[in-house]
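Written below as C-alpha cells is the structure these notes are about.
The values are calculated or read from the model by the stated rules, or taken from the named source; none is laboratory data. Everything numeric here is computed off the predicted structure, so don't read it as measured data. Glycine gets a Cβ as well: all are built from the backbone with ideal geometry, and neighbour counts include every protein chain shown.
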Amino acid sequence: MNFDTKYLIRWGIPGWILIMVLGPFIYFQFPIEINKIIKESNTLALGAFLTVIGVPLGYLLNQIHHSLFWVIKRFRFSRKILKQEKWYEYFRQEIQVDNMFFFDEKGLRKKERYQYLLSRKHELGGVTVSLGIVCIVQLIVNIQTSTMHGWSLCYFILSIILFLIIAISRWYSSKNIDKYFEHYLNESADPKYK
C-alpha cells in the first residue's frame, strides 16, 4: 500500500483548525471544567490525543464538504425517486476528459494543473466546513450561556470573518475548477482524442 504523507496532512488540517480555533473558545467559556480535565490527565498525552484525533476529524470534514458540494450537486431529485443520471453524465464526461489527459505529454501537464485546482478546492472546502462548524458551536454556546458580549462576541466575529475569507477563496477555486473542466470537456470533444 502506497500512502503519501501529504494526504495525512491534507486530511488533518481541517480537524486541527477546528481544534485550534474552537479550543480557546471552549477553554475561556468553561475554564473550571477544562482546568479539571487538564489536572486529571497527562498534558502531553492530551496534546498527542488532540493532534492524532485531528486527522480523522479532518477527513470527516473533507467528506462532508465533498458530499454537500460535489456529490449532491450532481444528483437530481424528482418527486418520487432519487435519480442518478447527472452522476452518470458527469462520470462519462470525466472519462472523456481523462482520455484527453492521457493522449500525450501536453495532456499530462493539463492533468497536473487540473489535479492541483481540484485538490485546492477540496482543501479549502474542508477548512470552510471546519470554520462553519466552529461558528455554529460558538453561536449555540453563546446563546445557551448568555455570553454574547465582550471577548466572546469579538471571538465569534473574528471566527465569522475567518470563515467568510476562506469561503470566498473556496468559491473562487470552485469557479476556477468548473471553468477548467468545461474548457477541457470542450477540448476533449476533438475527434483526435477518440
Of the criteria (1) loosely packed, with under 13 Cβ neighbours inside 10 Å; (2) not in a helix (DSSP H, G or I), which one E33 fails: (2)
Looking at (1) farther than 18 Å from I177 by Cα; (2) out of contact with any Leu (no Cβ under 8 Å at 6 or more places or on another chain); (3) surrounded by 12 or more Cβ atoms within 10 Å (Cβ to Cβ); (4) among the aliphatic types (A, V, I, L, M), which one does L57 not meet, given that it meets all the others? (2)
Hey, can you tell me all the residues within the stretch 1-27 that are at pLDDT below 90 and surrounded by fewer than 14 Cβ atoms within 10 Å (Cβ to Cβ)? M1, N2, F3, D4, T5, K6, Y7, L8, I9
State whether one or more residues within the stretch 149-167 are among the hydroxyl-bearing types (S, T, Y) and under 26 Å from E105 (Cα atoms). no
So, of the residues in the stretch 130-172 that are among the small types (G, A, S) and modelled with pLDDT under 95, which turns out to be surrounded by the most Cβ atoms within 10 Å (Cβ to Cβ)? S152
Scan of the stretch 179-194 for residues that are at pLDDT 80 or above and of a type in the set (F, W, Y), ordered by number: Y180, F181, Y184
Considering the stretch 80-118, residues that are of a type in the set (V, I, T) and free of Cβ contacts under 8 Å to residues at least 40 places away in the same chain, and then whichever is surrounded by the most Cβ atoms within 10 Å (Cβ to Cβ), we arrive at I95
